[in-house]
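The values are calculated or read from the model by the stated rules, or taken from the named source; none is laboratory data. On a predicted model such as this, the values are computed, not experimentally measured, just so you know. With ideal geometry, Cβ positions are generated from the backbone for all residues, glycine too; neighbour counts draw on all protein chains shown. We work out accessible area using only protein heavy atoms, side chains counted, and drop any ligands, DNA or RNA first. Shrake-Rupley method; radii C 1.70, N 1.55, O 1.52, S 1.80 Å.
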Amino acid sequence: MILAAFETAKGPNLWLFGLALAAGLFAIALVGLYFARRYFLNARDMHKEEASAPRTENPSAFMAASMQGVIQKLRDQEKELERLHRIEKERAAHTERLSEEVTRNMPAGLLMVNAVGIISSANPAAEQALGIRGLGFRRYSEALGEDSELTGLVAQCLSEGKIFRREQVEHVAPGGERRHLGVTISPIRRGNEKINGALCLLSDLTELAALQQQMQLKENLAALGELSAGMAHEFKNALATISGYAQMIRGEGLGGEASDYANKILEQTRSITHVVTEFLKYARPLDIGDEPVALDAVIERVVVEIAAAKPEVSVRAEGSFGSVAGDEGLLRQALLNLARNAAEACDSAEAGGRVVVKGELLPGEESALQRITILDNGAGIAEGSLRKLFRPFYTTKAAGTGLGLAVVQKIIVQHGGQVEARNRAEGGAAFMVTLPVSAGTAKAVQLMKKDIADT
């Protein structure tokens with residue numbers, strides 16, 4: 001048939017037939033190559049899958065390979081968990097360090113008491129405000145004092161859950177120093193559970209209370225001076241008249257009871273005149289100069305006068321005394337009064353009376369301070385009298401006017417200082433006078449502090 005076609009295609013059609021036949025064969029070859037390439041590619045992919053996948057015809061190998069894959073995934077998850085745990089642990093440690101730093105450096109005192117009454121945490125500001133070192137892990141009633149106002153507030157908070165906001169209490173430090181504290185106390189609860197402890201915030205208000213007391217005293221003195229100056233003057237005039245008539249009666253030489261009565265009238269008028277004079281000293285405004293006063297010379301003179309007046313009492317001075325601005329006569333009067341009281345308080349001591357006038361130069365926030373402490377080994381001061389010592393007309397002496405310590409306080413306050421009294425743990429009393437020093441002494445104190453810091 002092909003031959004017949006070939007025979008019929010002789011001539012010009014022969015070439016066309018050959019060309020079509022060649023094109024058809026070429027197309028068939030291309031199609032064959034395409035299917036052959038796909039076949040080989042599929043065969044290669046199947047070979048790779050067979051090589052990577054475990055052979056199902058070997059169950060042990062398939063199981064082992066599966067277990068290896070699971071173990072590897074578990075290891076990866078374990079590493080991730082360890083990483084997350086490490087990050088969380090570092091974050092918790094950082095938070096704890098930050099909390100400790102905030103607690104340690106906060107200016108307010110912080111006390112945490114647990115449910116059984118043990119102080120679980122206390123920062124340095126709390127120890128400084130209370131004047132107690134090592135508060136941690138001590139029973140709060142033992143550390144603060146069984147009869148302390150602060151102990152009572154903490155006990156009430158633990159037992160009743162009562163919250164105290166901005167309360168003011170008086171605290172007695174172990175050394176006998178009285179401090180005014182501002183406290184806020186609240187119970188510690190977890191949800192609606194029972195009380196697990198108490199949180200106490202403390203602020204030392206001692207200096208603020210002393211400043212308020214000084215301002216109040218100055219206002220009272222000013223009002224009292226205006227009111228009493230005229231009254232005292234009239235009293236003195238009346239007493240002078242009474243004393244004059246009494247002297248006239250005694251000069252008449254009547255004798256007998258009339259003379260005795262005249263002498264008693266004169267005695268009483270002298271006594272009342274002395275009280276009125278002391279009262280005028282207390283009420284009259286003081287004219288304080290700003291001349292530098294060398295305290296070492298003032299103290300030396302005070303010691304000499306007390307030693308001469310009370311030879312049975314040992315009187316000495318020790319420590320550092322600088323210079324203060326003020327009136328030398330008034331300062332000597334105040335210190336002499338305190339030293340005389342101390343000598344009289346210990347003159348009957350069994351081991352012999354001892355009075356020590358101690359000087360200290362202290363750094364202050366704005367300027368240096370001079371502290372003068374007068375110590376004695378007497379019987380001390382009755383607890384009920386400590387708060388009343390500097391009140392006008394309060395006295396524990398049979399022949400006292402009750403104005404000596406009031407005048408002392410006025411003089412010291414007018415010089416920008418303060419005076420306080422306390423009992424000593426070893427027995428006796430201590431009167432502490434604090435005064436701002438003059439510029440020269442303040443500079444010397446700063447140089448001394450610098451030398452200490454350099455060494």
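Can you name the number of the only condition in (1) within 15 Å of LEU199 (Cα to Cα); (2) without any contact (Cβ under 8 Å) to a residue 12 or more places away in the chain; (3) polar (S, T, N, Q) that ASN123 fails?
The number of the failed condition is (2).
Results for (1) of a type in the set (A, V, I, L, M); (2) more than 25 Å from ALA209 (Cβ to Cβ); (3) surrounded by 14 or more Cβ atoms within 10 Å (Cβ to Cβ); (4) modelled with pLDDT of 85 or more, shown as yes or no for each residue.
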position: MET112; (1), (2), (3), (4): yes, yes, yes, yes
position: GLN156; (1), (2), (3), (4): no, no, yes, yes
position: SER159; (1), (2), (3), (4): no, yes, no, yes
position: GLN168; (1), (2), (3), (4): no, no, no, yes
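Mind listing whichever residues of the stretch 294-311 are surrounded by 15 or more Cβ atoms within 10 Å (Cβ to Cβ) and among the β-branched types (Val, Ile, Thr)?
Hits for the stretch 294-311 are VAL298, ILE299, VAL302, VAL303, ILE306.
Name every residue in the stretch 115-137 that is open to solvent by 50 Å² or more (accessible area, probe 1.4 Å) and either part of a strand (DSSP E or B) or on the phi < 0 side of the Ramachandran plot (or both), in order of residue number.
ALA115, VAL116, SER120, PRO124, GLN128, ARG133
Pairs please, first residue from the stretch 184-201 and at positive phi, second anywhere and surrounded by fewer than 16 Cβ atoms within 10 Å (Cβ to Cβ) and not in a strand (DSSP E or B), Cβ atoms under 6 Å, 6+ apart in sequence or on different chains.
Going by the 6 Å Cβ cut-off, the qualifying pairs are GLY197/ALA115.
Taking ALA317, is it surrounded by fewer than 21 Cβ atoms within 10 Å (Cβ to Cβ) and of a type in the set (Gly, Ala, Ser)?
yes
May I ask you to verify whether LEU144 is out of contact with any strand residue (DSSP E or B) (no Cβ under 7 Å at 6 or more places or on another chain), open to solvent by less than 30 Å² (accessible area, probe 1.4 Å) and under 18 Å from THR184 (Cβ atoms)? Talk me through it step by step, then tell me what you get.
On the way: out of contact with any strand residue (DSSP E or B) (no Cβ under 7 Å at 6 or more places or on another chain): yes; open to solvent by less than 30 Å² (accessible area, probe 1.4 Å): yes; under 18 Å from THR184 (Cβ atoms): yes.
So LEU144 fits the description; yes.
Within the stretch 324-336, identify whether any single residue is of a type in the set (Asp, Glu), open to solvent by 30 Å² or more (accessible area, probe 1.4 Å) and closer than 24 Å to VAL437 by Cβ, and answer yes or no.
Yes: the stretch 324-336 contains one or more residues that are of a type in the set (Asp, Glu), open to solvent by 30 Å² or more (accessible area, probe 1.4 Å) and closer than 24 Å to VAL437 by Cβ.
Looking for whichever is part of a loop (DSSP other than H, G, I, E, B), open to solvent by 30 Å² or more (accessible area, probe 1.4 Å) and at positive phi here; the options are GLY380, GLY402. Which one fits?
GLY380
What is the one condition in (1) in a loop (DSSP other than H, G, I, E, B); (2) in contact with a Gly (Cβ under 8 Å, 6 or more places away or on another chain); (3) open to solvent by less than 60 Å² (accessible area, probe 1.4 Å) that SER367 does not satisfy?
The single condition SER367 does not satisfy is (2).
So, LEU375, is that one open to solvent by 20 Å² or more (accessible area, probe 1.4 Å), of a type in the set (A, V, I, L, M), within 13 Å of ARG424 (Cα to Cα) and within 29 Å of the chain's Cα centre (by Cα) or not?
yes
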